[in-house]
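Take a look at the structure set out below.
What follows is calculated from the coordinates using simple rules that are stated; it is not laboratory data. Please read these numbers as outputs of a predicted model, since none were measured by experiment. No Cβ is skipped: glycine too gets one built from the backbone with ideal geometry, and neighbour counts run over all protein chains shown.
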Amino acid sequence: MKKKYLFLLNPKSGTARKEPLITALHERLRFESDLRYEICYTTYAGEGRKLAAQAAQEGYFAVVAIGGDGTVNEVAASLLDSATALGIIPTGSGNGLARHLKIPLQPAKAATYLLATQRSAIDVGAVRIGNLVRYFFCTAGLGFDAHVSQLFAQNPQKRGLKKYASLVWQEFATYQPQTYQVWLENQTEAQLLEAFMLTFANAGQFGNDFYISPQADITDGKLDFCHLQKLSTWQAYAFAWQTWRKRAYKNTKLHISQIQKARICSEIPQPLHLDGDFIANVKEIEVEILPKKLKVLFGS
C-alpha cells in the first residue's frame, strides 16, 4: 500500500516566494512510486489544524507542515496520539523545532530528508489556561520573551530575526522582573520567584539557534524549567552570546531544573507565549509534559 502524505503550506509564513518551492516539491515527489501526496494551501488561521486532523482520521502516513513555528504548532497539535507523523519543511524565521531535530533548512533537502526517515515519538508540552489546553513543542514562557512576542505579533507585516532583535533591545531597558507564585511537581506550598523570564523547555532552543537550555531532551519525559533573573546591560549581551553558543546554563542568573509539571500564578496578568507565538495575558497556568505524545519524521 502506498504511503499517503499531505503537505500543508502557509503562504504567509516566511519571506521566500512559495511558487519555486512547490515546483521543486512536485519535481522531487513525482518520481516516488511508493507514495501518494497532496499539496494544500491554508487560507485562514486554524485551517491547517482542521486539515491535519482529517488526514490523521483517514490514516495518512504523514502531514508535512511547510512554514514557520506557528504553522508547525498548529499542525502538530492535531496529530497527537495518532499514527500520523508530523513532517516539517521549514520556511519561517525561527524554525525552532526543525533546527532542534536537525531537519535541513533548505526546502529541497528537507523534502529528501523526510522521505528517508521513519516515525519517531517525541514529548509534548501542555499548558492549561482555565478550561483551555494548548500545546507547545519547543518552549513556552512567561515574562520578557512573551512580552516581546506580544509586541512582535502586533505588527505581522514586519517579521524576521532583525525585527525581533530590535524589539528585544528596545524593551530590555524598561521591562521589570515580575513576581510569580510557583508550585513545582507536587509541592503544597508555593515558592515566590522574582523572574525576568520563566521558560519551560521541551526542546533546547527558542529558534534561530538561540538555546535557552541546550541539554533539553525532547524524548526524556521532562521539561527544563528555566528561571532567569534580571540582567544588567552587559550581562544581557553576555547571555545573548551564551544562548547562541549553547552555554546559557553557565550563566549564574539562569537556574534550570527538570520537572514534569508546574503551576504558576501572578497577581497581575502576564503575557504567555507558546513556541514563540503570543497566546494571551494570564494570571494562572498549569504546565505538564506529555511523554511520547507525537510522532515526527526525523532521524536516520
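The table that follows gives values for the structure above.
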{"quantity": "Sum of side-chain charges, residue 221 neighbourhood, beta-carbon under 14 Å (Lys, Arg +1; Asp, Glu -1)", "calculated": "-2"}
{"quantity": "Rounded if a/c under 1.5, otherwise prolate or oblate - the range 113-185, Cα gyration tensor axes", "calculated": "oblate"}
{"quantity": "Residue order, fewest to most beta carbons within 10 Å, for 197, 1", "calculated": "1, 197"}
{"quantity": "Tally of Lys pairs whose C-alpha atoms are under 19 Å apart, taken over the range 126-291, 8 or more apart or cross-chain", "calculated": "4"}
{"quantity": "The range 121-199-the range 223-300 distance, computed between alpha-carbon centres (Å)", "calculated": "7 Å"}
{"quantity": "Summed side-chain charge close to residue 290 - residues other than residue 290 whose Cβ falls under 14 Å, Lys, Arg +1, Asp, Glu -1", "calculated": "+2"}
{"quantity": "Using alpha carbons only: equivalent-ellipsoid semi-axes of the range 17-136, gyration tensor based, whole Å", "calculated": "24, 16, 15"}
{"quantity": "Likely footprinting exposure, 245, 134, 30, fewest C-beta neighbours within 10 Å first", "calculated": "30, 245, 134"}
{"quantity": "In degrees, nearest ten, helix 19-29 long axis to first principal axis of the chain (Cα)", "calculated": "60 degrees"}
{"quantity": "Length gained when the stretch residue 170-residue 34 is fully extended (0.36 nm per residue, less Cα-Cα span)", "calculated": "43.8 nm"}
{"quantity": "Over the chain, relative contact order from alpha-carbon pairs under 8 Å, at least 6 apart, %", "calculated": "22 percent"}
{"quantity": "Reach of residue 109 by Cα under 16 Å, taken over lysines that are not fewer than 8 positions away in the same chain", "calculated": "18"}
{"quantity": "Cα gyration tensor, the range 106-154 - rounded (a/c under 1.5), prolate or oblate", "calculated": "oblate"}
{"quantity": "Shape of the range 126-291, Cα gyration tensor, a/c cut at 1.5", "calculated": "rounded"}
{"quantity": "Cα→Cβ-extended label distance, 7 Å offset, between residue 250 and residue 3, nm", "calculated": "4.0 nm"}
{"quantity": "Once exposed loop GluC sites (Glu not before Pro) are cut out (DSSP; at most 16 other Cβ, 10 Å), longest piece of the chain", "calculated": "59-184"}
{"quantity": "DSSP beta bridges in the chain [antiparallel fraction, %, rounded to 5]", "calculated": "75 percent"}
